[in-house]
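Have a look at the structure below, then the notes.
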Amino acid sequence: MGCQMLWHLLVLTIMTTASGRKRSILEGCDPGDLKGLTSFRGGIHWDTSGRLAKWVGHSCCEWEGVSCNNETGRVTEIRLPGFISTDDFVFQSQMEGWLSPSITLLTSLEVLDLGGLVGLSGRIPPIIGHLQNLRKLYLYGNKLRGSVPESIGKLLKLEELHLHENKLSGFLPSSLGGLKNLNALLLHSNRFTGSIPDSFTNLTNLMHLDLHCNSLSGHIPRNIGELHLLKEIDLSENFLSGRIPDSVNNLTSISVMYLDTNHLEGEIPFPSNFGQMASLGFLRLQNNHLSGRIPPNFRYLVSLQRVSLANNKLEGSIPPGLGNLEALTELYLSGNKLSGQIPMSMGLLSHLILLSISHNLIHGPLPDEMSALKNLQTLDLSFNLLNLTSIPTWLAEMPSLSRMYLAGCGIKGQIPDFLRSTPSPIQELDLSVNRLTGVIPTWIGRLTQLYSLNLSRNYLISNIPDSVAEFQELGVLDLHSNKITGSLDQVFKIGNSFPDGSLTYIDLSDNSCTSGIEQIGVGTQQRIKYLNLSHNLLEGQLPTSVGELKAMQSLDLSYNKLGFSLVNAIANLSLLETLKLQRNHFTGKIPVEFLNLKNLKDLDLSDNLLVGEIPAGEPLSGFPQSCFSGNKGLCGKPLSPCKS
């Protein structure tokens, strides 16, 4: 009985002790954690979410955004992201202030999420390495400055490090290579310099590496191919130089890879044999100085879905082996020196949605096998040596094709009627810089889903057909450098049957249009940002309705026969950056209201009949004399002073 009594007393003692510990967890907070949290709160002077205002008392484990370990009572998570999601909406909150170094007192912290707090400034604490239990660190989308401290390499449990979209600078610390558990390293959109540390090749669990939009230099680490789990690499928009190392061939499990940089050069060295990089899904090498040929072994990259080799110095023919890439959906080869013909095997890419081969030296004819691309939606063959003479009829019979770019392809004759009834409604059509003749067809307005129409730099001779007023979705209209005559009335009626209108860009320059200027700004033209009617034969007075074009950023009416006084309503175009009215017959004074055009960067009022003093002040006084020359009656800064 004595032993049994002793056992009961021991159990009662343990239960009492445990109960007391639980009460202390609920009622208090670890002193170090409390100091770290209150110091963080003290560094924030504005919190639109209202979360920090609720941090009162000493029970920090009950504070919003704070989580604790139920056994120890220590703070393990701080989740205060900028984006807050509820069942009804998502909004971005802001915290303005600085990141207190005292956050490192929370030594049991496993998750720190302050991502998307656009007003959070300061530096990453130099002793960030004290948070040795940290698994996830989200400090992206802030205003953090300075370097990444070397002590970050002590966070041996770290799995995710997101420091992107800040103003961080300096070299990337080599200690990052010691984070063996890291699977995501996102440092893009900062100001890092120097080379990528060779130690990064020790990150054997890394799956996502994103360093784009920095100022990194040097070479890609030679042994990066040892990172077999990589799915994404983005090194774009840097200043990397040198060759891609041969060891990159060892990335046999990679599914997404981005090497889009400004100064990569040399030949593309991978893959060297079958089975290498078999999981590579996304490959971006555009905007570099890569040379040589597209490797024939590209056919081994059987999982490729999106490939961009655009804007390099690649030459030679397109390898027929690309037809083996059955998963390919997007292929960008524009802006190189590729020659030869498009291989017949291209017709085997049954999943291809987009094909861009513009600005190369490809010659014709186009292979009929391309007609088998049943899923192709966008085709860009512009500015090659195709000399098509005419648009192949099978091109207009492709069931999914809705965006055709055939600029500079040597097409002659009239715009073919078969474009009026394609299986998939045309959304974008570019036939510019060809040898098209005849008229703009009357059926053009029946392309009700057309968003962009470019027929510029041809030999079209006609009035603008009335049917253009029927366009419902048109946003871009470019007819410049033709021989178009008559009125602009129908152009300014585009979209008037719809509440907001969609037209944002109009270029009818270098034609022979004579009238219709009185319709400018009438109806639903509020979205027009760019309007160029220069080098025409337009006459009459600029109407006050021009002031209704509130979104206008560039207005060019130069080299016409417009007259009468400048209308004050132009001053209502508060977003205007470019105003060109030179070589007309405008009279009278420059309206003083033009001083309200605070965004004006490019102005030309030269060679008119303007008189009087140029209104004093910015922006007018900041332009050179040439902007006002050729008006014999003008005076005042920047011209000669007016005579009293």
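What follows is calculated from the coordinates using simple rules that are stated; it is not laboratory data. Remember, predicted model here, so these are calculated numbers, not experimental data. Because the Cβ atoms are built from the backbone with ideal geometry, glycine has one as well, and the counts that use them run over all protein chains shown.
Which of 297, 545, 522 sits farthest toward the positive end of the charge dipole of the chain, with +1 on the Cβ of Lys and Arg and -1 on the Cβ of Asp and Glu?
Sorting the options by dipole projection puts first 297.
Mind listing the long-range amide H neighbours of residue 292? Cut-off is under 5 Å, sequence gap 5 or more, other chains count too, H placed in the peptide plane at 1.01 Å from N.
Answer set, sorted by chain and number: 315.
Please list, or write none, the lysines whose alpha carbon is within less than 25 Å of the alpha carbon of residue 167, excluding same-chain residues fewer than 8 places away.
Cα-Cα hits under 25 Å: 136, 143, 154.
How do the peptides 611-620, 291-300 rank, highest first, by the average count of neighbouring beta carbon atoms within 10 Å per residue?
291-300, 611-620
With each pseudo-label sitting 7 Å past Cα toward Cβ, what's the residue 585-residue 518 distance in nm, one decimal?
1.6
Using the beta-carbon distance between residue 613 and residue 502 and R0 = 45 Å, what value does 1/(1 + (r/R0)^6) give for FRET efficiency, to the nearest 0.05?
On the way: r = 42 Å, r/R0 = 0.93.
It comes to 0.60.
Placing +1 on the Cβ of each Lys and Arg and -1 on the Cβ of each Asp and Glu in the stretch 284-429, which of 418, 348, 335 has its Cα farthest towards the positive end of the resulting dipole?
Of the options given, the answer is 335.
How many angstrom separate the Cα center of the stretch 598-644 from the Cα center of the stretch 131-192?
Between the Cα centres of the stretch 598-644 and the stretch 131-192 lies a distance of 54 Å.
Taking the Cα centre of the stretch 18-123 as origin and charging only Cβ (+1 Lys, Arg; -1 Asp, Glu), how large is the dipole, in debye to the nearest 20?
Magnitude of the dipole: close to 360 debye.
Per DSSP H run of at least 4 residues, take -39500 (n - 2.57); add these up for the chain, divide by its residues and hand me the 222 nm value, nearest 500 deg cm²/dmol. Show your work: numbers first, answer last.
Values: 2 runs with 38 residues, N = 644.
So the calculated ellipticity at 222 nm is -2000 deg cm²/dmol.
Would you mind calculating the gained length between residue 592 and residue 229 on full extension (0.36 nm times residue separation, minus the Cα-Cα distance), in nm to one decimal?
Value of the extension gain: 124.1 nm.
Per residue of the stretch 503-508, in order, report the coupling 6.51 cos²θ - 1.76 cosθ + 1.60 (Karplus, θ = phi - 60°) as ³J(HN,Hα) in whole Hz, putting x for Gly and Pro.
Along the stretch 503-508, the couplings run 5, 10, 9, 9, 10, 10 Hz.
How high is the FRET efficiency between residue 544 and residue 341 when r is their beta carbon distance and R₀ equals 51 Å, given to the nearest 0.05?
0.35
Kindly write out, for the stretch 193-199 in residue order, the coupling ³J(HN,Hα) from the Karplus curve 6.51 cos²θ - 1.76 cosθ + 1.60 (θ = phi - 60°), rounded to whole Hz, with x marking Gly and Pro.
10, x, 9, 6, x, 4, 5
Which of these values of Cα Rg over 2.2 N^0.38 Å was calculated from the structure shown: [x] 0.94; [y] 1.07; [z] 1.27?
[z]
Mind checking which of 93, 474, 170 is farthest towards the positive end of the chain's charge dipole, using Cβ charges of +1 (Lys, Arg) and -1 (Asp, Glu) about the Cα centre?
Farthest towards the positive pole: 170.
So which lysines can residue 637 reach, going by Cα to Cα under 26 Å and dropping same-chain residues fewer than 8 places off?
Leaving aside lysines fewer than 8 places away in the same chain, those within reach of residue 637 are 580, 589, 598, 601.
Under the rule of at least 5 residues apart or a separate chain, name every residue whose amide H is placed under 5 Å from the amide H of residue 564.
587
At 7 Å along the Cα-to-beta-carbon direction for both residue 351 and residue 400, put a label point, then send me their distance in nm to one decimal.
In this crude label model, residue 351 to residue 400 measures out at 1.1 nm.
Nearest 20 debye, what's the magnitude of the dipole of the chain about its Cα centre given +1 on Lys and Arg Cβ and -1 on Asp and Glu Cβ?
1020
Would you kindly derive the ³J(HN,Hα) couplings of the stretch 30-47 from the backbone phi angles with the Karplus curve 6.51 cos²θ - 1.76 cosθ + 1.60 (θ = phi - 60°), listing them in order in whole Hz, with x for Gly and Pro?
3, x, x, 4, 4, 5, x, 5, 5, 5, 4, 4, x, x, 9, 9, 8, 9
Counting only residues 5 or more places away or on other chains, whose amide H sits under 5 Å from the amide H of residue 538 once H atoms are built in the peptide plane?
Amide H to amide H, under 5 Å and 5 or more residues apart or across chains, residue 538 pairs with 561.
As an exercise, use a Förster radius of 45 Å and the Cβ-Cβ distance of residue 575 and residue 79 to find the FRET efficiency, rounded to the nearest 0.05.
0.65
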